[in-house]
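Asks: I'd like to ask you about the structure that follows.
The values are calculated or read from the model by the stated rules, or taken from the named source; none is laboratory data. This one's a predicted model, so the numbers in the text were calculated from it and none came from an experiment. All Cβ positions, glycine included, derive from the backbone under ideal geometry; neighbour counts span all protein chains shown.
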Amino acid sequence: MNKEVRLSGSGGQGIILAGIILAEAGIIDGKNVLQTQSYGPEARGGASKAEVIIGEDDIDYPKVITPDIVLAMTQEAANKYITSLKDNGLVLVDSTYVINLPDFKNIYQIPITKIAKNDVGKGIVSNMVALGALVGLTEVVTFEALQRAVLARIPKGTEELNKKALNLGYEAGVELAESGKKSLVKMCS
């Protein structure tokens, strides 16, 4: 069965890179994968989304229609891109910025950007925290494949920073998945 994933945020948050990395992790896992992306005309700050279809089945249509999983990194992204979610679909929001939650039963909140800024030390790696959290929560790809895809894609010299961000996000996602809670109230250092 295929999973349709929509990653959304604003320009400059690394959403497109996150989509590419998630797709490459799916390939490493031996899955069929399709990845598309779109963004507004603004270089930074405009709406941005990446969509990935991952699974064992053939992919018949090159677009996410009814996502199984949605990541929203900003309030605008939550308002704009959390649409037509499958009935049993899952939404992960960055509770740093998404305050008004959409009305879905499977909505999870993690302070993704706060973790990146406070625990990792760089807000720029919030996309890696988000990817780790998404995979920890959903297991849409294996964490090992995600780690390999990240290390193959990031600039040299940033490996430790990105691995730390990915690991912290993954731990947060696993914590929510195992606890049955919907919100991670994390006291960032």
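Asks: Can you find a residue that is charged (D, E, K, R), within 30 Å of residue 159 (Cβ to Cβ) and in contact with a helix residue (DSSP H, G or I) (Cβ under 8 Å, 6 or more places away or on another chain) anywhere in region 120-129?
Replies: yes
Asks: Return only the number of the condition from (1) closer than 22 Å to residue 153 by Cα; (2) over 13 Å from the mean Cα position of the chain (by Cα) that residue 76 does not satisfy.
Replies: In the conditions (1) closer than 22 Å to residue 153 by Cα; (2) over 13 Å from the mean Cα position of the chain (by Cα), residue 76 misses (1) alone.
Asks: Take residue 102 and decide whether it is buried (at least 18 other Cβ atoms within 10 Å of the Cβ), touching a residue at least 24 places away in the same chain (Cβ under 8 Å) and in a loop (DSSP other than H, G, I, E, B).
Replies: When the stated conditions are applied, residue 102 does not pass them.
Asks: When only residues in region 24-48 that are modelled with pLDDT of 95 or more and surrounded by 23 or more Cβ atoms within 10 Å (Cβ to Cβ) count, which is nearest to residue 67 (Cα to Cα)?
Replies: 26
Asks: Can you find, within region 49-59, the residue that is farthest from residue 83 (Cα to Cα) among those that are of a type in the set (Val, Ile, Thr) and buried (at least 17 other Cβ atoms within 10 Å of the Cβ)?
Replies: 54
Asks: Out of the helices (runs of 4 or more DSSP H) lying entirely within region 119-189, which hold 3 or more residues that are in contact with a strand residue (DSSP E or B) (Cβ under 8 Å, 6 or more places away or on another chain)?
Replies: 126-138, 159-179
Asks: Does residue 165 satisfy the criteria of being surrounded by fewer than 17 Cβ atoms within 10 Å (Cβ to Cβ) and either aliphatic (A, V, I, L, M) or under 27 Å from residue 82 (Cα atoms) (or both)?
Replies: It is false that residue 165 is surrounded by fewer than 17 Cβ atoms within 10 Å (Cβ to Cβ) and either aliphatic (A, V, I, L, M) or under 27 Å from residue 82 (Cα atoms) (or both).
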